[in-house]
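A short worksheet on the structure shown next.
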Number of protein chains: 2
Amino acid sequence: MATTNVVLVGKKPVMNYVLACLTLFQDGSNEVIVKARGRAISKAVDVVQIVTKRFLTDVKVKKISIDTEQIKNEQTGTVSNVSSMEIQLGK
Amino acid sequence: MATTNVVLVGKKPVMNYVLACLTLFQDGSNEVIVKARGRAISKAVDVVQIVTKRFLTDVKVKKISIDTEQIKNEQTGTVSNVSSMEIQLGK
């Protein structure tokens, strides 16, 4: 069964997200998408590097895409542009 | 003339690197590579988004690659792994 799952990288330690990816692959996913916004983008790259180089060497980076998302600040109502990245991992 | 130039993103403000990219394209480059390591990766994505969406809409992201580099700390002699990213921009 080909399922796609998303790991959204945020403020937690890198290893939390690495573990999330490993768990998804262990549970039978063939594809995992690692997503991040703003400052977390660097962390997402770290996560992917650790997953593919240290733990699951059969998992490869299939595709990387970057984009801009518009985030509205609920308090001030201002809209700001935030960069986002998606890294597609697959066996 | 097809020339390739590299902009290495570091600790300066985002707009410095945006300007560096714009200058290279203005000077006749067909291809600019934006590189970054560690925490600067998020900033490199910001630079690319600003260049391609706000200033040079004919410039596209051609290729994105991520890797791990081993950096040796000169003081302690320890080697640490740092994520790196290269974004290839072209017309």
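The values are calculated or read from the model by the stated rules, or taken from the named source; none is laboratory data. Keep in mind it's a predicted model, so treat the numbers as computed, not measured. So basically every Cβ, Gly included, is an ideal-geometry build from the backbone, and we count neighbours across all protein chains shown. Surface accessibility is based on the protein's heavy atoms, side chains included, excluding ligands, DNA and RNA. Shrake-Rupley method; radii C 1.70, N 1.55, O 1.52, S 1.80 Å.
Subtract the Cα-Cα distance of B:ASN16 and B:LYS63 from 0.36 nm times their separation in residues, and report this length gain in nm to one decimal.
That works out to 14.7 nm of additional length.
Ratio to report: Rg/Rh of the range A:45-86, with Cα atoms as the point set and Rh obtained by the Kirkwood method; give two decimals. Don't skip to the end; give the middle numbers.
Working: Rg = 15.8 Å, Rh = 12.7 Å.
The Rg/Rh ratio comes out at 1.25.
Taking each label point as 7 Å beyond Cα in the direction of the beta carbon, state the distances from B:VAL14 to the same residue in the other copies, shortest first, in nm.
2.4
Find the centroid of the Cα atoms in the range A:67-89 and in the range B:1-60, then give the distance between the two in whole Å.
20
Out of chain A, which GluC sites (Glu not before Pro) are coil in DSSP terms and have no more than 16 other C-beta atoms within 10 Å? Each step should come with its number before you reach the end.
Details: sites: A:GLU31, A:GLU69, A:GLU74, A:GLU86; in loops: A:GLU74.
In loop regions of chain A (DSSP not H, G, I, E or B), the sparsely surrounded GluC sites (Glu not before Pro) are A:GLU74.
Considering only chain B, what is the antiparallel percent among its DSSP beta bridges, to the nearest 5?
75
Taking the simple approach of a point 7 Å from Cα along Cα-to-Cβ for both A:LEU8 and B:SER80, what is their distance in nm?
2.9
Rounded to whole Å and sorted largest first, list the principal axis extents of the Cα atoms in chain A.
45, 26, 19
In what sequence, largest accessible area first, do A:ASP27, B:ASP67 appear using a 1.4 Å probe?
Result, largest first: A:ASP27, B:ASP67.
Using amide H atoms built 1.01 Å from N in the peptide plane, name the residues 5+ places from A:LEU89, or on other chains, whose amide H lies under 5 Å from its own.
Counting only residues 5 or more places away or on other chains, the set is A:VAL32, A:ILE33, A:VAL34, A:LYS62.
Could you give me the ³J(HN,Hα) list for the range B:67-83, computed from phi with Karplus coefficients 6.51, -1.76, 1.60 and θ = phi - 60°, whole Hz, x at Gly and Pro?
Those phi angles translate into 7, 10, 10, 9, 10, 9, 6, 5, 6, 8, x, 7, 9, 10, 8, 10, 6 Hz.
Could you order B:ILE87, A:ILE50 so the one with the most accessible surface comes first? Probe is 1.4 Å. All intermediate terms of the calculation are to be shown ahead of the outcome.
Values: B:ILE87 0, A:ILE50 35 Å².
Ranked list, largest accessible area first: A:ILE50, B:ILE87.
Keeping all protein chains in the complex and leaving out DNA, RNA and ligands, what accessible area do you get for A:MET15 with a 1.4 Å probe, in Å² to the nearest 10?
It works out to around 90 Å².
Taking the Cα atoms only, what angle lies between the long axis of helix B:40-50 and the longest principal axis of chain B, rounded to 10 degrees?
10
Tell me the Kirkwood hydrodynamic radius of the protein assembly as shown in angstroms, computed as one over the mean inverse distance between distinct C-alpha pairs.
The Cα-based Kirkwood calculation yields 17.4 Å.
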